[in-house]
Each structure stands twice: as C-alpha cells, then as structure tokens.
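Data first, discussion second: the structure below is written as structure tokens.
The values are calculated or read from the model by the stated rules, or taken from the named source; none is laboratory data. These numbers were taken from a predicted model, which means no experiment stands behind them. Cβ atoms come from the backbone with ideal geometry, glycine included; neighbour counts cover every protein chain shown.
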Amino acid sequence: MKPNAVILLSGGLDSTTCLAIAKKQGYTLNTITINYGQHHNFELQSAKKIIKAFNIKNHRLIDLNLAQFGGSALTDQIAVPKDRHESDMKDIPATYVPARNTVFLSLALAWAETLDAYDIFIGVNALDYSGYPDCRPEYISAFEKMSNLATKASVEGATFQIHTPLIQMTKAEIILTGLKLGIDYSLTSSCYDPNKNGIPCGHCDACFLRLKGFKEAQKIDPLTYLNK
C-alpha cells in the first residue's frame, strides 16, 4: 500500500507543485485547504479545480478566521504592497500573516495523526519569496522536532517528517518541475489582490515573483493579468 501523506494546498503555484511532487513520489494524497479569512479567497476556487484535476479522494476545507486577529494586508484593512523592488522583498512585508504556517502545519499534523500519515508536505520557499520567517529551513526543522515531541503517534514510535521539496528552488525551477509533472498552471491563483473575477493584479509581490519565474524559465504564464 502507498503511504499516506497530508499536503497543504492553497490553490497557488507552489502548493500545487508540491502536490504533484508528492504524487510522483508515490504517496496517497490527502489535501487540506485553509479558509483563513484571506481577502484573496479566489484561491479557494483554484484549490477546488486542482483537487478535481488530481482526482483527490480525501480533502478537507477548514474554516479558520484569522481575520479576527488582523495584522496583515491579507486579512485586515491594510494595503497590499505593490511594485516593490526585489531587493526590498527580504524584509517582512505587510502580507505576512502572524503565525500562519504554524497554524496550518498544526492542523495538518492533527489530521495526519488520525490518518496514520507521517509525511506532511508544504510548499514553502526560502529563495524566491517575500521575507516570511515561517518559510525558512530552521523554522521547518523546529516544527518537525515539535511534531515528534507533541503527538501520541511519535511517543509510540512513529516519526513525522515535514517535506519541503521547493524550499531551495528558484521560482523558475519550481515552474519547470511542475510543467514536467504535467501541471496546468492556468488552474492556480497566486495574486494577493485579484479582482472579483480572480484576475491577478500584476503588481503585488506574489505576481512579481510568479511573472519573474515564468520569464526566467522561458515559459508563458497561462494567466491573464490586469496590468503587467
């Protein structure tokens, strides 16, 4: 039997590539998507399309309103940064959501333990990213250590592993990997500030990094942008 894995799926380019990698590696795919009160919730529709495309049999959509806390341009009445220079993207931006990956990984871990799934995939990246502290390798290592201290399964001998196959890849490398695995990136949504129809703005950090990645990969982004 294939081993179970839980994959965090946002509907974005990175998480979809991570899902394809887990599939290629032979895992039984169990996906979890978090509706956390994000303004750019069009990505939830993208996640549904990806789940259908990958024929996922076991999916969970978790409603968890982090907008109650605010503190981020993605959940609060704070402007999404636009047209930032790449050199500024190593500073933590206004789109940082406090403790988001810690919350997400904790939910994935809780579900994984009920599934006897000891492999959790998350599409974090430490190269082409916007300065998020919870995308760094040392953070992932610390969470993995915690997972193997705080669970019944680990006390009884199981070992959890947090897989981050994209963490040291450029966006171009991620895109090329995904294309080789047959991903249709037109299904994905990356923009932090799309319009009501989900059309990406072309100016936020997420759009900048995605467009830069396609350009460096010498491939055409299948999405249509409002402005670019």
Residue list for region 27-61, filter: of a type in the set (S, T, N, Q), surrounded by fewer than 21 Cβ atoms within 10 Å (Cβ to Cβ) and in contact with a helix residue (DSSP H, G or I) (Cβ under 7 Å, 6 or more places away or on another chain): 35
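Kindly indicate which of 189, 154 is among the small types (Gly, Ala, Ser), under 23 Å from residue 20 (Cα atoms) and in contact with a helix residue (DSSP H, G or I) (Cβ under 9 Å, 6 or more places away or on another chain). Even if it seems obvious, please write down each step before you answer.
On the way: 154 fails: under 23 Å from residue 20 (Cα atoms).
Result: 189 is the single residue among 189, 154 that is among the small types (Gly, Ala, Ser), under 23 Å from residue 20 (Cα atoms) and in contact with a helix residue (DSSP H, G or I) (Cβ under 9 Å, 6 or more places away or on another chain).
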Pairs under 7 Å by beta carbon, first residue surrounded by fewer than 14 Cβ atoms within 10 Å (Cβ to Cβ) in region 214-226, partner not in a loop (DSSP other than H, G, I, E, B), six or more apart or different chains? 220/214; 222/185; 222/186
Output the number of residues of region 108-127 satisfying the condition of being in a helix (DSSP H, G or I) and either under 14 Å from the mean Cα position of the chain (by Cα) or buried (at least 21 other Cβ atoms within 10 Å of the Cβ) (or both). 3
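Identify, please: which residue in region 12-58 is among the β-branched types (Val, Ile, Thr) and either more than 20 Å from residue 74 (Cβ to Cβ) or in a helix (DSSP H, G or I) (or both) and is, among those, nearest to the chain's Cα centre (by Cα)?
16
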Which of the residues spanning region 63-85 are in contact (Cβ under 8 Å) with a residue 24 or more places away in the chain, farther than 18 Å from residue 189 by Cβ and either surrounded by fewer than 16 Cβ atoms within 10 Å (Cβ to Cβ) or touching a helix residue (DSSP H, G or I) at 6+ places or on another chain (Cβ under 6 Å) (or both)? 63, 64, 65, 68, 69, 71, 83, 84
In region 179-201, which residues are modelled with pLDDT of 95 or more, assigned to a loop (DSSP other than H, G, I, E, B), surrounded by fewer than 19 Cβ atoms within 10 Å (Cβ to Cβ) and not charged (D, E, K, R)? 181, 182, 199
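Using the structure shown, decide if residue 153 is of a type outside the set (Val, Ile, Thr), buried (at least 17 other Cβ atoms within 10 Å of the Cβ) and either more than 18 Å from the chain's Cα centre (by Cα) or more than 25 Å from residue 201 (Cβ to Cβ) (or both).
Details: of a type outside the set (Val, Ile, Thr): yes; buried (at least 17 other Cβ atoms within 10 Å of the Cβ): yes; either more than 18 Å from the chain's Cα centre (by Cα) or more than 25 Å from residue 201 (Cβ to Cβ) (or both): yes.
For residue 153, the condition - of a type outside the set (Val, Ile, Thr), buried (at least 17 other Cβ atoms within 10 Å of the Cβ) and either more than 18 Å from the chain's Cα centre (by Cα) or more than 25 Å from residue 201 (Cβ to Cβ) (or both) - is met.
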Can you tell me which residue is farthest from residue 211 (Cα to Cα) among those in region 65-87 that are in a loop (DSSP other than H, G, I, E, B) and within 19 Å of the chain's Cα centre (by Cα)? 65
Per the list (1) farther than 27 Å from residue 84 by Cα; (2) of a type in the set (Ser, Thr, Tyr); (3) in a loop (DSSP other than H, G, I, E, B), residue check on residue 154 breaks on (3)
Provide a single number: the residues in region 4-21 that are crowded, with 22+ Cβ neighbours inside 10 Å and more than 19 Å from residue 190 (Cβ to Cβ). 2
If you go through 138, 144, 173, the only one that is surrounded by fewer than 21 Cβ atoms within 10 Å (Cβ to Cβ), touching a strand residue (DSSP E or B) at 6+ places or on another chain (Cβ under 6 Å) and outside any strand (DSSP E or B) is 144
